[in-house]
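A.B. asks: Before I ask anything, here is the structure I am working with.
The values are calculated or read from the model by the stated rules, or taken from the named source; none is laboratory data. Treat the numbers as computed from the prediction; the structure is a model and nothing was measured. Ideal geometry is used to build each Cβ from the backbone, glycine not excepted, and the neighbour counts take in all protein chains shown. All accessible areas refer to the heavy atoms of the entire protein, side chains included, with ligands and DNA or RNA removed. Shrake-Rupley method; radii C 1.70, N 1.55, O 1.52, S 1.80 Å.
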Amino acid sequence: MWPAILAVILCLAVLVTGGMATTATSLGVPEGVLYYAMLHRQAGEVLGAALIAVLAWIVFAKPKARMLAALLCLAAVLQGVLGALPLGTTAAVVHACLAQMLLAGTVALAASLSPAWDEPPQTIRDYGWPSLRSMALFLPVLVTMQVGLGAAFRHRILGLMPHVIGAMLVSMIILIAGSFVLQQCKDHKTLAGLGRATMVFTFVQVFLGLAVFTVRSMPPDATVILVVATGHVATGAALLACCVVLGMFVRKNVIPKT
């Protein structure tokens, strides 16, 4: 499990430096753009290579996680190619989205190698509408779409309103799904904990989104905007990862309703 946790840390470090570079670009501060772009490039080269090496080791050392680790290794290579080539803003948006999906994948890899995943299922009967199992499938999809809208805004392909409207809708759906999990799985330690974590990350993400909008409308302070906006990007990635892991454990422990 520890190599997978190392992969999560490496992936998060590269994602944070990428968020800093993108924010500096959006602020239009030449010194910041050059510095954080160079920092992200160096982090991508060193930490990205380490991430690929760790994932490759997991492919050979952990047979039960071999397929997922191999897919993540290929995704990390593709991420490096997208980051190295000047392919335009569309490729930059794909690069940003893939970074968050890669972090979610490494977290899912760590979860699949954890002792909690090896425990026998503590089965729970699904009921209500929409079902927990269906929400386990579409929550990561919705969060990924919202991540894409945020990346498109940061790279100036779309305006702010699609991201804001998406944030309101997706946050409401996540909170409903989290309340369903807490209601139906309150005696299941892992699922209840993941349900609470998903709701907490959602509240933090909404708060940081409002904070980004607020600090951008105030007298400019590049450092404050950089910290808040990068935190917003990182929390979005953590929320996506939490939704993916929640989906994994729901699909494992919750029996379809008859």
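A.B. asks: Which residues, counting only those in the range 161-179, are closer than 20 Å to Thr214 by Cβ and open to solvent by less than 60 Å² (accessible area, probe 1.4 Å)?
C.D. replies: Correct list: Pro162, His163, Val164, Gly166, Ala167, Ser171.
A.B. asks: Continuing with the same structure: State all residues of the range 78-108 that are aliphatic (A, V, I, L, M) and more than 14 Å from Arg41 (Cα to Cα); if no residue qualifies, say none.
C.D. replies: Matches in the range 78-108: Leu78, Leu87, Ala91, Val93, Val94, Leu98, Met101, Leu102, Leu103, Ala104, Val107, Ala108.
A.B. asks: Could you give me the residue pairs with C-beta distances under 8 Å whose first residue belongs to the range 162-179 and is within 13 Å of Val204 (Cα to Cα), whose second residue is open to solvent by 50 Å² or more (accessible area, probe 1.4 Å) and assigned to a helix (DSSP H, G or I) wherever it lies, and which are 6+ apart or on separate chains?
C.D. replies: Ala167/Val206; Ser171/Val206
A.B. asks: Okay, next question. Exactly one condition in (1) under 22 Å from Cys97 (Cβ atoms); (2) open to solvent by 20 Å² or more (accessible area, probe 1.4 Å); (3) among the β-branched types (Val, Ile, Thr) is not met by Ile255; state its number.
C.D. replies: (1)
A.B. asks: Tell me, which residue of the range 142-160 that is among the small types (Gly, Ala, Ser), farther than 17 Å from Phe201 by Cβ and out of contact with any Cys (no Cβ under 6 Å at 6 or more places or on another chain) is most open to solvent (accessible area, probe 1.4 Å)? Write out each step before concluding.
C.D. replies: The first filter runs over the range 142-160 and keeps only residues among the small types (Gly, Ala, Ser), leaving 148, 150-152, 159.
Subset that is farther than 17 Å from Phe201 by Cβ: 148, 151-152, 159.
Add one more test, that the residue is out of contact with any Cys (no Cβ under 6 Å at 6 or more places or on another chain), and what stays is 152, 159.
Values: Ala152: 8, Gly159: 43 Å².
Result: Gly159.
A.B. asks: Taking into account only those residues within the range 116-141 that are open to solvent by 30 Å² or more (accessible area, probe 1.4 Å), of a type in the set (A, V, I, L, M, F, W, C) and closer than 14 Å to Leu246 by Cα, which is modelled with the highest pLDDT?
C.D. replies: That would be Val141.
A.B. asks: Tell me whether the range 210-219 contains one or more residues that are of a type outside the set (Ser, Thr, Tyr), touching a helix residue (DSSP H, G or I) at 6+ places or on another chain (Cβ under 7 Å), open to solvent by 60 Å² or more (accessible area, probe 1.4 Å) and more than 24 Å from Leu109 (Cβ to Cβ).
C.D. replies: yes
A.B. asks: Find the residue count for the range 51-100, including only residues that are open to solvent by 80 Å² or more (accessible area, probe 1.4 Å) and either in contact with a Lys or Arg (Cβ under 7 Å, 6 or more places away or on another chain) or polar (S, T, N, Q) (or both).
C.D. replies: The qualifying residues number 1.
A.B. asks: Just give me the residues in the range 131-166 being small (Gly, Ala, Ser), touching a Gly at 6+ places or on another chain (Cβ under 7 Å) and over 29 Å from Ile255 (Cβ atoms), in sequence order.
C.D. replies: Within the range 131-166, Gly150 is the sole residue that qualifies.
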